[in-house]
Amino acid sequence: MSIRVMLVDDEPLALENVYEAVSWQEHGFEVVARATNGKMALGLFERMRPHIVITDISMSPMDGLELGKRIRELGPNTRLIFLTAYRDFDYARQALDLKAAHYLLKHEISRNRLLAQLLKLREGIEAEQEEERHQRRRAWRTLFDSKQDAKEEPQTRENAGQPSFAASLLYFELNSCMRLDGLRECDRLEDTALLDTLAEETIRETEEAREILLLETEGGGYAAVVGLSVSNSLLIAQYALRQVSLALQRSLQRHTGHTPRMMIATNLERDAHRHWQMIRHLYAYSYFLPARSVFLFEQALASNAKPPSGSEERIQAGIKDGPESLTVWKRLLDEIVERAATDALLATVAAAGEKWIRAGARRPDMRLGSDAREIVAALNRTAEAIVNAERQRSSFSRWVQKAMDHVRDNYADPELSLETVAEHLQISAVHLRTTFKKETGISLLDYTTEYRMEIAKQLLLKEELKIYEVSEQVGYRTSQYFSQVFKKATGLHPKDYVRAEAER
């Protein structure tokens, strides 16, 4: 980030000499303003907000000391460097009373001396900025992620660097993908320092943004809190935020190779937690839009205005097993895509996921897709596969189906075996072994192991469970034996499987 500098001297030649004394850009500085009198300097200071002001003391009608006092009132953290041709100690004392960064005699100024002082100031400024950004990000996360009493929120907004009235922000997710369990999976930036780089580049590329604070949110997405340089008109603010979004997308493309869809929320009102939850929820509307789209929160909200008629009943009818249900299901999904009905899509994923995951037919982290058509296609393929599997299962004899049901209900029992299943069904173990292998092509033991391993895969991806706990929950007395069976079935030790899935 460049440190902004303003130069002030009523002698144009002296002003030029100071400007030429330093290779500003090379050392991370940007001279944003040059003024030839105190009044002009104050106006430029209010507009440009420089971090450092280098000013001559001897000026009229407003001298440098008076200018310094006025600047301190407007920006208490501004660093001041006073220049003078006088050796008068009183000037030095007054300058130091203003906590001036330095007091330099003009005839003693050299390139190295001025640069050394500037670099020292930059180090302090950057440390302050980093601490300020850290505190503001923490305050915004508090606003977003926790419910607050109405009396507490204005103070938290102030800590976040945002007034108590409405704020504007952008929200995006990198490579967002819907999962069968209804969660959205997205990438994270490898280097969080990139957040500041993205913000700085976006500010440089657009005139609309005065300030941007980028932060990673608890759910994996990113919020950009934007301070606009334009009026409070809603339409103008929306236009300005669209320009900021496009600039941020370009910066993301350069650094990450990805251009995410972006949601604009121009009015983050009181009860920020509730509003934030709606923003995250309605970002799913982006799945109906082309890649790289920029859209309004209000557009996403309106997407639920016309859900497919009777969608709740049709969802429940569609997830029943059978060819007739599959027809209902496909028609409903087509209508959801046609209407871009966000909540209906999420409800469909939730209903299907709950049934298929509970039945052990699919894993919770199954990735459906990054747009609505991909998601619908994945749901259709899965429904067809499950219907076909059920059709195949129905072709098995009554005893084989009952044996399968018993395994699914009792897979956690370490005593489960061919003999215990046969005893439960009240048929001979020999008859069950022969019949099961003849109809399914695999032994009952292999079927039991396959089912246990599918359940184990789901459990292993739950971070709170350890390997020995998973082994117990799928019917193995020791984690060592479970690990052997798991590796034989998958080719990976349970720990390696978890690591591979995390990297996938």
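Every number here is computed from the coordinates shown, using simple stated rules; none is lab data. Predicted model only: the values in this text are computed from it and were never measured. In this analysis, Cβ positions are derived from the backbone assuming ideal geometry, glycine residues included, and neighbour counts consider all displayed protein chains.
What you get for the range 354-465, charging only the Cβ of Lys and Arg (+1) and of Asp and Glu (-1), is a dipole of about 420 debye around the Cα centre. Across the options Ala412, Met453, Tyr468, the greatest Cα extent toward the positive end of the charge dipole of the range 398-503 (unit charges at beta carbon of Lys, Arg, Asp, Glu) belongs to Met453.
About the centre of its Cα atoms, the chain shows a dipole size close to 1180 debye [charges on the beta carbon of Lys, Arg (+1) and Asp, Glu (-1) only; nearest 20 debye]. Just want the answer: with Cβ charges of +1 for Lys and Arg and -1 for Asp and Glu, which residue in Val22, Leu345, Ala422 is farthest toward the dipole's positive end in the chain? Selected residue: Ala422. Kindly express, to the nearest 10 degrees and within the range 0 to 90, the angle between helix 111-145's C-alpha long axis and the longest C-alpha principal axis of the chain. So the helix axis and the longest Cα principal axis differ by about 40 degrees.
Among the listed pairs Lys438/Lys466; Lys402/Lys488; Lys330/Lys438; Lys466/Lys488; Lys402/Lys457; Lys69/Lys106, give every one whose C-alpha distance is greater than 29 Å. Pairs exceeding 29 Å: Lys438/Lys466; Lys330/Lys438. Ellipticity at 222 nm from helices only: DSSP H runs of n ≥ 4 in the chain, each -39500 (n - 2.57), divided by the residue count, give -17500 deg cm²/dmol. Packing, taken as the mean count of other beta carbons within 10 Å per residue, orders the peptides 480-491, 50-61, 123-134 from highest to lowest as 50-61, 480-491, 123-134. Taking the empirical scaling 2.2 N^0.38 Å for compact globular proteins as reference, the range 311-394 has a Cα radius of gyration ratio of 1.01. On a straight-distance basis, which aspartates and glutamates could pair with Lys495 in a cross-link, Cα separation under 12 angstrom, same-chain partners fewer than 8 positions away excluded? List returned: Glu463. Using C-alpha pairs below 8 Å separated by at least 6 residues, the relative contact order for the range 407-453 is 36 percent.
Sequentially through the range 408-417, phi angles give Karplus couplings (6.51, -1.76, 1.60; θ = phi - 60°) of 5, 7, 10, 4, 7, 7, x, 7, 4, 7 Hz, Gly and Pro residues having no value and appearing as x.
Relative contact order of the chain, taken over Cα pairs closer than 8 Å and 6 or more residues apart, is 9 percent.
Relative to the longest principal axis of the Cα atoms of the chain, helix 38-48 runs at roughly 10 degrees. In the chain, taking the dipole from charged Cβ atoms about the Cα centre, the farthest positive-side position among Gln129, Leu332, Gln117 is held by Leu332.
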